[in-house]
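The values are calculated or read from the model by the stated rules, or taken from the named source; none is laboratory data. Keep in mind it's a predicted model, so treat the numbers as computed, not measured. So basically every Cβ, Gly included, is an ideal-geometry build from the backbone, and we count neighbours across all protein chains shown. Only protein heavy atoms, including side chains, enter the accessible area calculation; ligands, DNA and RNA are left aside. Shrake-Rupley method; radii C 1.70, N 1.55, O 1.52, S 1.80 Å.
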Amino acid sequence: QAKRAGRNTYRYYTGSMTEAAQYRLALDNRLRRALERNEFQLWYQPLYRLSDQRLVGLEALVRLDQPDLPPVGPAIFIPMLEETGQIIALGDWVTREACRQGRAWLDAGLDFGRIAINLSPVEARRGGTDERLRAALAASGLPPDRLELEITESGLMEQGEHAEGFLRSLQAQGVQLAIDDFGTGYSSLAYLKRFPVGKLKIDRSFINDLPGDANDAQLVSTMVTLGRSLGISVLAEGVESSEQLAFLTALGCEAAQGYLFSPPRPAAEAAAWLPRCDAPLPA
Ligand code: C2E
Ligand code: MG
Ligand code: MG
Ligand code: MG
């Protein structure tokens, strides 16, 4: 567009490009390079069951090291990759890398429960998720029931009537499905009942002000009850304090993740959290 509009537009881009636009351009180049060179990393955050505080899973969260630019997290760069369609390539890498890592841990006798990966709604909309997932599972040798796919409530709802079929095609492969950022996306109860999801992840905005905020306390209690009556496991995201943990445990919320337990850490450090597969269950 700049070229078609001629010299003046070009001057606009160079002469008065804001710092924000320059940063965006630099980041865009950085993302492109990182995809080509396989420079993204997966970090892992532990998921704990509250009844016995045992580790039941790990959420894989993508990270980008970039010594030459200010640090940037996925909340910034995932939307950029979604805009350019490069999220397909990243999602494919994330899926393969998580499956490879999971298999390597199992081979080393380490039990992570399940590894959860995040699926962008853009990936889901483009199609081919089913095939890419099948290929990644086959290539890695990770048992499908060791993998969980998280899709946000809003991402699911924007698929409308296709959502159920989409979820069923993934479920047919034996992977587990979770609704991420639950409570922020207006899903209908009728849908929830039909979807083959095994887990609701309560968005951390509802957890933040627990236990003091009476509204949030009521909402979270309702979500826990909803999960129980639908036979869907409920996990609280973003648990940062022992008061929040005590409140959620008393409610009967099944699982939690958050800085109180640990922030996401690189795979080598996450390995230290994992019990051995053959270890006897603690009393
Ligand atoms: P999400 O899937 O809801 O992931 C949870 C986010 O909350 C992570 O941020 C995690 O680091 C952060 N978090 C965990 N515990 C706490 C806590 O106690 N307090 C606070 N304040 N934050 C906590 P992160 O890693 O920056 O990721 C942000 C979002 O980016 C994710 O939200 C997810 O939507 C997206 N994302 C991350 N990795 C991927 C990926 O591989 N693929 C796709 N499509 N999206 C990803
Ligand atoms: Mg997630
Ligand atoms: Mg979430
Ligand atoms: Mg989120």
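Annotations for the structure displayed:
- Flag if residue 222 is over 23 Å from residue 129 (Cα atoms) and under 16 Å from the mean Cα position of the chain (by Cα): no
- The lone exception for residue 68 - which of (1) within 16 Å of ligand 2 (Cβ to nearest atom); (2) modelled with pLDDT under 95; (3) not hydrophobic (A, V, I, L, M, F, W, C) it fails: (1)
- Verdict on residue 136 being modelled with pLDDT of 95 or more, under 30 Å from residue 110 (Cα atoms), more than 16 Å from ligand 2 (Cβ to nearest atom) and open to solvent by 20 Å² or more (accessible area, probe 1.4 Å): no
- Filtering the range 146-164 to residues that are more than 20 Å from residue 95 (Cα to Cα), assigned to a helix (DSSP H, G or I) and open to solvent by 50 Å² or more (accessible area, probe 1.4 Å) leaves 154, 162.
- Test: residue in the range 16-30 that is away from ligand 4 (no atom under 16 Å from the Cβ), in a helix (DSSP H, G or I) and either buried (at least 18 other Cβ atoms within 10 Å of the Cβ) or modelled with pLDDT of 95 or more (or both): yes
- Selection of helices (runs of 4 or more DSSP H) fully inside the range 190-254 by the criterion of at least 3 residues being open to solvent by less than 40 Å² (accessible area, probe 1.4 Å) and either touching a residue at least 12 places away in the same chain (Cβ under 8 Å) or within 16 Å of ligand 2 (Cβ to nearest atom) (or both) returns 214-230, 242-251.
- Residue 122 satisfies every condition listed in (1) over 27 Å from residue 55 (Cβ atoms); (2) open to solvent by 10 Å² or more (accessible area, probe 1.4 Å); (3) more than 16 Å from ligand 4 (Cβ to nearest atom) except (3).
- None of 101, 171 is in contact (Cβ under 8 Å) with a residue 12 or more places away in the chain, open to solvent by 40 Å² or more (accessible area, probe 1.4 Å) and of a type in the set (S, T, N, Q) except 171.
- Close pairs (6 angstrom Cβ cut-off, 6 or more residues apart or separate chains): open to solvent by less than 40 Å² (accessible area, probe 1.4 Å) in the range 45-71, in a loop (DSSP other than H, G, I, E, B) and within 16 Å of ligand 4 (Cβ to nearest atom) anywhere: 45/257; 45/264; 47/257; 61/264
- Qualifying positions in the range 98-118 - within 17 Å of residue 145 (Cβ to Cβ), assigned to a loop (DSSP other than H, G, I, E, B) and not acidic (Asp, Glu): 112, 113
- The number of residues in the range 237-276 that are over 21 Å from the mean Cα position of the chain (by Cα) and among the hydroxyl-bearing types (Ser, Thr, Tyr) comes to 3.
- Any hit, the range 79-91, residues being more than 19 Å from the chain's Cα centre (by Cα), modelled with pLDDT of 95 or more and surrounded by 12 or more Cβ atoms within 10 Å (Cβ to Cβ): no
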